[in-house]
Amino acid sequence: MELYLIRHGIAEDKGLGIKDEERSLTKEGRQKTEKVAQKLVKLGLNFDLILTSPLVRARQTAEILIAEKLSSQLEESSHLAHDGQISSWLKDWLEPRNYSLNTQLALVGHEPDLSKWAEILLWGEVKASLVLKKAGMIGIKLPETGSALGRSQMFWLTPPKYLL
């Protein structure tokens, strides 16, 4: 199974009198995210499901991916909100669904959480080595059997500037 960890696009700044969970993408954030999504289509990507954080900016990013036909399936998961734990997501969400080995899932969320998730999947611990830029993506291949924690393999790490 392949997981594509995608950070939301450029959002409104904090502290403008808007609750964090209600901050939306800026005009520039929408435009860049649309261009990234179009490039992903040209590269032949297609996700079986896009799972998004419930926060507005992540949801808007996921909706852009859907609009560009990167998937026809969109779900929301509180596990992808701030401080979500990869172990809880694996146990409560992924494992019960029993996806096939060739499934491609896109997870749209936030930093530093997505980088932490990637590091735990890769090395079994957070090393603060990976940084995921806004509208950037990390691709992780999960092992066919056994725990994914510390046993997964990274195959993609792309800042958005290389996709624009």
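Things to note:
- On the beta carbon distance between ALA128 and LYS161, with R0 = 22 Å, the FRET formula returns roughly 0.50.
- Fully extended contour minus Cα-Cα distance, from GLU144 to LYS35, at 0.36 nm per residue: 36.0 nm
- Magnitude of the charge dipole, the chain, Cβ model with Lys/Arg +1 and Asp/Glu -1, debye to 20: 620
- Rounded to 10°, Cα long-axis angle of helix 27-42 versus longest principal axis of the chain: 40
- Restricting the stretch 46-106 to chymotrypsin sites (Phe, Trp or Tyr not before Pro) in coil, as DSSP defines it, with at most 14 other Cβ within 10 Å: TYR99
- Debye, to nearest 20: dipole size of the stretch 51-106, +1 on Lys, Arg Cβ, -1 on Asp, Glu Cβ: 80
- Given charges at Cβ of Lys, Arg, Asp, Glu: the chain dipole, positive-most of THR52, MET137, SER78: MET137
- SER71 long-range amide H proximity, modeled H, under 5 Å: PHE47
- Reachable lysines, given that their alpha-carbon falls under 22 Å from the alpha-carbon of LYS32 and they are not under 8 places away in the same chain: LYS14, LYS42, LYS69, LYS133, LYS134, LYS161
- Helix 113-123 vs. the chain, principal-axis angle (Cα, 0 to 90°, nearest 10): 20
- Per-pair calculated FRET efficiency, R0 = 22 Å: ARG97 and LEU43 via Cβ, rounded to 0.05: 0.25
- Relative contact order (percent, whole number), the stretch 35-95, Cα cutoff 8 Å, 6+ residue spacing: 34
- Taken over the Cα atoms of the chain, the convex hull encloses 104 Å³ per residue.
- Net charge dipole size for the stretch 68-164 [Lys, Arg +1 and Asp, Glu -1 on Cβ; Debye, nearest 20]: 340
- Neighbour-limited loop hits for trypsin sites (Lys or Arg not before Pro), the stretch 61-115 (at most 14 other Cβ within 10 Å; DSSP other than H, G, I, E, B): LYS69
- Axis of helix 56-67 versus longest Cα principal axis of the chain: the two differ by about 80°, to the nearest ten degrees.
- Put the Cα centre of the stretch 1-78 next to the Cα centre of the stretch 104-164 and the gap is 16 Å.
- On the basis of the beta-carbon distance and an R0 of 35 Å, ILE18 and GLN85 show a calculated FRET efficiency of 0.85.
- Cross-link partners for LYS141 among the lysines, with Cα-Cα distance under 16 Å and sequence neighbours closer than 8 places in the same chain left out: LYS116.
- Set of aspartates and glutamates near LYS127 by C-alpha distance (under 13 Å), chain-local residues within fewer than 8 positions excluded: ASP113, GLU119
- Between GLN153 and THR26, the contour length at 0.36 nm per residue exceeds the alpha carbon distance by 42.4 nm.
- Within the chain, helix-based [θ] at 222 nm, where runs of 4 or more DSSP H residues each add -39,500 (n - 2.57), nearest 500: -8000 deg cm²/dmol
Where a number appears in this text, it was derived from the coordinates with a stated rule and is not lab data. Predicted, not measured: the structure shown is a model, and the values here were computed from it. So basically every Cβ, Gly included, is an ideal-geometry build from the backbone, and we count neighbours across all protein chains shown.
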